[in-house]
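Working notes, structure below.
The values are calculated or read from the model by the stated rules, or taken from the named source; none is laboratory data. Since the structure is predicted, the reported quantities are computational estimates derived from the model, not experimental observations. Here the Cβ positions follow ideal geometry from the backbone for every residue, glycine too, while neighbour counts run over all protein chains shown. For accessibility, only protein heavy atoms count, side chains too; no ligands or nucleic acids. Shrake-Rupley method; radii C 1.70, N 1.55, O 1.52, S 1.80 Å.
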Amino acid sequence: MLTAFGRAFRTPDLRRKLLFTLAIIAIFRLGAFIPSPGVNYHNVQACLNNANTNQGIYQLVNLFSGGALLQVSVFALGIMPYITASIIVQLLRVVIPRFQELHLEGAQGQGQLTQYTRYLTIALGLLNATTLVTLARSGQLLGNCGAAGTPTAIIPNDSLITTVLLIITLTAGTGLIMWMGELVTEKGVGNGMSLLIFIAIAARFPTSLGEIIKTKGWGVFLAVLLIGLLVVALVVFVEQSQRRVPVQYAKRMIGRRTMGGTSTYIPIKVNMAGVIPVIFASSMLYLPALLAQFATPHDGKPAPEWVNWITANLTKGDHPLYMLLYFVLIVFFTYFYVAITFDPTEVSDNMKKYGGFIPGIRAGKPTADYLQYVSSRITLPGAVYLGFVALIPLIALVLIQANQNFPFGGTSLLIIVGVGLETVKQIDAQLQQRHYEGLLR
């Protein structure tokens, strides 16, 4: 392994790509600690020490920003607006026929969709920045701490000019992160956006592990590491698992040449949906808590019964009903997302166009029905696996009273393992272009 890394850095082209990627990563992490203009860094730290930020949407958004959100830094919004914009554009292909046409046009059409994603990212960044500044000024960002006009104000000078400058800075930070991610994809190694998410999550691992040592001791820490290794092995195994549907292509005469006659397969992954269902389920479960927060009276009057019920059952990760709903929503969104992204009819038509067929299955609708059958059957274990991995931090919260940033489970581990595998495969492929041996054995 060390020899392979040495070969990677001895190869001029690959070394240049690796160093460029590392430089972008360093800039990304630096921006997570640079305070935004008008923000009092010391008051932010004082509020962070007293606030409970491990619940609801705090955990998800702060996870993707590498802790920058609660630091109110120039990169506070992180990559989340881009992720949201990408998901929206992908889902709009089902609703807007023009988007589906662009997707089928190839590189040119997909480039247009990418441009729409960029515009939507900036719009969402502007919206998120306005919300973040409003929460910071009111003191709700960090657990009713740091409101304007108090000694611990996060934004001491809440004038209009300062507020507008802060919103523009946060939005520009989102645009800069998006640009850096695209630069890594073009000139570096791996998918730039995925790598930035990977780095943001991995940067929080030492803090989470250190917190477990400090609060629970070395015995629990070693047990967590052992569980972590087993879960990582499970995630790697499932992420690499696929159902290979055999495909044969008939021989065709094109001019004087005989084409086709080859055998290949369609790889249908066990986890085709990736981490998207977990993100959807987390967002949906946050909505009741958000509604209850807005419906809670602030004049001392008792809250309605439905608000008390939501507060007691749907805001705490260690509640059985919360876990059950979380699991059910993940299974539902897994099937929903796979139904949108995997179109058996399109795959069947493409096979028929090039003379391909599945042995024993007629071309056309029977092939589409067969692919739909295989996809629906293999999605079930993938959905159960996603639900199990996502529940690991909540189970840890019950068993060892660890916070929901438990490192070995949930969204964080799925992203880290998935992105890590894809990046290593890309480096290995580039090494094998120049050497007989790659990074993997």
Task: Condition met for residue 201 (of a type in the set (A, V, I, L, M) and under 26 Å from residue 39 (Cα atoms)) - done: yes
- [ ] Search region 73-108 for residues being surrounded by fewer than 18 Cβ atoms within 10 Å (Cβ to Cβ) and in contact with a Lys or Arg (Cβ under 7 Å, 6 or more places away or on another chain), and hand back the single one that is nearest to residue 28 (Cα to Cα).
- [x] 103
Open item on the list: Let me spell it out: the conditions are (1) out of contact with any Cys (no Cβ under 6 Å at 6 or more places or on another chain); (2) crowded, with 17+ Cβ neighbours inside 10 Å; (3) not small (Gly, Ala, Ser), and residue 142 meets all of them except one. Which number is the exception?
Closed with: (1)
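Only one of 322, 337, 373 is free of Cβ contacts under 8 Å to residues at least 60 places away in the same chain, assigned to a helix (DSSP H, G or I) and of a type in the set (Ser, Thr, Tyr); which?
So the residue among 322, 337, 373 that is free of Cβ contacts under 8 Å to residues at least 60 places away in the same chain, assigned to a helix (DSSP H, G or I) and of a type in the set (Ser, Thr, Tyr) is 373.
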TODO: Just give me the residues in region 19-48 being closer than 25 Å to residue 193 by Cβ, part of a loop (DSSP other than H, G, I, E, B) and open to solvent by less than 60 Å² (accessible area, probe 1.4 Å), in sequence order.
DONE: 32, 36
- [ ] Just name the residue that is surrounded by the fewest Cβ atoms within 10 Å (Cβ to Cβ) out of those in region 233-271 that are among the small types (Gly, Ala, Ser) and at pLDDT 85 or above.
- [x] 233
Open item on the list: Tell me the residue from 200, 136, 147 that is in a loop (DSSP other than H, G, I, E, B), touching a Gly at 6+ places or on another chain (Cβ under 8 Å) and not acidic (Asp, Glu), please.
Closed with: 147
Open item on the list: I'm trying to understand the selection: among the residues of region 197-232, which are open to solvent by 60 Å² or more (accessible area, probe 1.4 Å), β-branched (Val, Ile, Thr) and farther than 30 Å from residue 26 by Cβ?
Closed with: 215, 227
Open item on the list: Quick check on residue 334: is it within 30 Å of residue 99 (Cα to Cα), surrounded by 17 or more Cβ atoms within 10 Å (Cβ to Cβ) and touching a Lys or Arg at 6+ places or on another chain (Cβ under 8 Å)?
Closed with: no
Task: Yes/no for residue 345 being surrounded by fewer than 19 Cβ atoms within 10 Å (Cβ to Cβ) and of a type in the set (Val, Ile, Thr) - done: yes
